[in-house]
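Colleague: Following this message is one structure expressed as structure tokens.
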Amino acid sequence: MEKLVIVEDNEDIRSQLRWGLSAEYEVLVAGNRLEALSLFKKHLPKVVTLDLGLPPDENGCEEGFRCLDDVLRQAPATKVIMITGNEDSENALRAVQNGAYDYYRKPLNLSELKVILARAFHLAAIEKENRSLQLCLDQHHQTPGGIIGQSPQMMEVFSSIRKVASSEVAVLITGESGTGKELVARAIRELSPRKSGAFIAINCGAIPENLLESELFGYEKGAFSGAHNRVQGKVEYANKGTLFLDEIGELPLNLQVKLLRFLQEKTIQRVGGREDISVDARIIAATNRDIVKETETGAFREDLYYRISVIHINLPPLRERGSDILLLANFFLRRFCHELKKKTRRFSAGSVKLLESYEWPGNVRELENRVQRAVIMSDEPIIEPESLGFSLKAVKDGIHSFANLTLKDAREMIEREMVVSAIENQNSNMARAAEALGISRPTLYDLVKKYDISRPAE
Ligand SMILES: Nc1ncnc2c1ncn2[C@@H]1O[C@H](COP(=O)(O)OP(=O)(O)OP(=O)(O)O)[C@@H](O)[C@H]1O
Ligand SMILES: [Mg+2]
């Protein structure tokens, strides 16, 4: 039997409801906000009916609204049905605006209330199913290596990954920074017969040029001052496995020659050594440079380019992946909420529009970082653009580049952003912040309330 929590301070109505509904639900009743909360935490019901006038404010509504807020903070998906006085249409609407599922005006009619309750439970069940389907979909959209995407461009990437994985050919992965080049390299290895071999990644751009050769090929004892022992290079470690040459565009020309020799002969010599050592490694290279152009200017050897790019996989920038942006954003949101043990959140309509219209110069990595930051920094159930670190400029750019933002959304986003930065700039001095914005203090307080802006205690 489903659990139903009824919050009602009137003894008669309480027993009437308990009597009328206990055939269908496991009815749990509370007479005030604190009782309601402890019942709620213990049972986590999908549906709650909540009397607006709770003690100590039986004739007002503040305690009822506070209770609504508390419940939704605990579990945003709960369906709360507000029970209001007959004359109280303004508060009924306010309740729905604040996240209540529905309202019901007294006097209570049991059979009507039953219909509303049944619909609320039905919706809660559908939403729950939806969430678990969403999880399955996440898994479905993932290829090995955890690459998320369903855009046609990414489907093509997935198909290339599957095709090249089983062969031994060299693969060149290109794409802007943060598009997932390393993830793709790992996925190829994951699907390949070399799965159990090592995956050795070398960032050719991060190692100083004078150390790179010994890092790659190792050295013999006494090869140079300080070489007290023989040391194996990364290439040698990749034997029977996969060698990932990241940022290969950064490789200096003299090492390009040595790498080419290794690719042709499948042997290496350690620095200071003469022995040819065979190494059987699969090569995957990546770069965010336009390497074809660099072969034309001579910055990258053409013969090496042909060796490493038997197959070329290009990753599209995030801004060109359409609905993948939201798919990824929601995936990261679920992942970070889970990892950081935070309650479920969702993006506000304004955030969704910005996520979709933003340029994403840092691509998927930037998206991942922004969502993580929002989950850490904000405890609100709904994520606003500001928590994603979008500046006023980004908000404005979003409006320029995207016609689907309504004027009202745009106005509200900018209004919120301006209020937040004025309060910040004035060190939370509300009088000065109001003055800077050219509005009265009460208006500023109204805006703070409207946008649910948190500020340090004054
Ligand atoms: N399609 C995707 N699905 C899930 N996570 C992704 C996806 N693409 C990238 N990521 C994540 O984004 C981050 C950046 O990816 P990765 O390091 O592979 O990018 P990169 O192209 O190698 O970047 P750079 O050029 O800066 O080295 C990683 O945390 C990665 O897990
Ligand atoms: Mg990388």
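The values are calculated or read from the model by the stated rules, or taken from the named source; none is laboratory data. Note that the structure is a prediction, hence the values are computed from the model and not measured. Because the Cβ atoms are built from the backbone with ideal geometry, glycine has one as well, and the counts that use them run over all protein chains shown.
Colleague: Might you check whether a residue that is in a loop (DSSP other than H, G, I, E, B), in contact with a Gly (Cβ under 7 Å, 6 or more places away or on another chain), of a type outside the set (A, V, I, L, M) and more than 20 Å from Gln232 (Cα to Cα) occurs anywhere in segment 296-314? Spell out the reasoning first.
Modeller: Within segment 296-314, the subset in a loop (DSSP other than H, G, I, E, B) is 298-301, 309-310.
This time we only want the ones that are in contact with a Gly (Cβ under 7 Å, 6 or more places away or on another chain), so: 300.
From what's left, of a type outside the set (A, V, I, L, M): 300.
Keeping just the survivors that are more than 20 Å from Gln232 (Cα to Cα) gives 300.
Among the residues of segment 296-314, at least one is in a loop (DSSP other than H, G, I, E, B), in contact with a Gly (Cβ under 7 Å, 6 or more places away or on another chain), of a type outside the set (A, V, I, L, M) and more than 20 Å from Gln232 (Cα to Cα), which makes the answer yes.
Colleague: Return the residues of segment 358-373 that are buried (at least 21 other Cβ atoms within 10 Å of the Cβ), under 17 Å from Arg335 (Cβ atoms) and more than 9 Å from the chain's Cα centre (by Cα); say none if nothing qualifies.
Modeller: Val364
Colleague: Still on this structure: Which condition breaks for Gly249 when tested against (1) under 30 Å from Gly178 (Cβ atoms); (2) more than 16 Å from ligand 2 (Cβ to nearest atom)?
Modeller: Gly249 satisfies all of (1) under 30 Å from Gly178 (Cβ atoms); (2) more than 16 Å from ligand 2 (Cβ to nearest atom) except (2).
Colleague: Then there's this: Of the residues in segment 171-196, how many are away from ligand 2 (no atom under 16 Å from the Cβ) and modelled with pLDDT of 95 or more? It would help to see each step written out before you state the result.
Modeller: Taking segment 171-196 and keeping what is away from ligand 2 (no atom under 16 Å from the Cβ), we get 190-196.
From the residues that got through so far, the ones that are modelled with pLDDT of 95 or more too are none.
Looking only at that region, the number is 0.
Colleague: For Glu63, indicate whether it is of a type in the set (Asp, Glu) and closer than 28 Å to Arg346 by Cβ.
Modeller: Values: of a type in the set (Asp, Glu): yes; closer than 28 Å to Arg346 by Cβ: yes.
Yes; evaluated as a whole, the condition is true for this residue.
Colleague: Are any residues in segment 195-234 surrounded by fewer than 13 Cβ atoms within 10 Å (Cβ to Cβ) and either out of contact with any Pro (no Cβ under 7 Å at 6 or more places or on another chain) or touching a residue at least 60 places away in the same chain (Cβ under 8 Å) (or both), and if so, which ones? I'd like the intermediate steps shown before the answer.
Modeller: Going residue by residue through segment 195-234, those that are surrounded by fewer than 13 Cβ atoms within 10 Å (Cβ to Cβ) are 196, 206, 208-211, 221-222, 224-226, 228-229.
The answer is Ser196, Ala206, Pro208, Asn210, Leu211, Lys221, Gly222, Phe224, Ser225, Gly226, His228, Asn229.
Colleague: If I ask for residues that are more than 34 Å from the chain's Cα centre (by Cα), not small (Gly, Ala, Ser) and not in a strand (DSSP E or B), which ones from segment 35-53 would you list?
Modeller: So the first thing to find is which residues in segment 35-53 are more than 34 Å from the chain's Cα centre (by Cα), and the list is 35, 51-53.
In the following step, the residues that additionally are not small (Gly, Ala, Ser) were identified as 35, 51-52.
Within segment 35-53, Glu35, Leu52 meet the criteria.
Colleague: Would you say Ile313 is among the hydrophobic types (A, V, I, L, M, F, W, C), within 16 Å of ligand 2 (Cβ to nearest atom) and within 40 Å of the chain's Cα centre (by Cα)?
Modeller: Details: among the hydrophobic types (A, V, I, L, M, F, W, C): yes; within 16 Å of ligand 2 (Cβ to nearest atom): yes; within 40 Å of the chain's Cα centre (by Cα): yes.
In short, yes.
Colleague: Report whether or not Gly64 is in contact with a strand residue (DSSP E or B) (Cβ under 9 Å, 6 or more places away or on another chain), at positive phi and not acidic (Asp, Glu).
Modeller: Numbers: in contact with a strand residue (DSSP E or B) (Cβ under 9 Å, 6 or more places away or on another chain): yes; at positive phi: no; not acidic (Asp, Glu): yes.
Criteria not met by Gly64.
Colleague: So which pairs qualify, if the first residue must be in segment 153-176 and surrounded by fewer than 21 Cβ atoms within 10 Å (Cβ to Cβ), the second must be of a type in the set (Gly, Ala, Ser), the Cβ gap must be under 6 Å, and the two must be at least 6 apart or on different chains?
Modeller: Sorted first by the residue in segment 153-176, then by its partner, the pairs are Ala165/Ser192.
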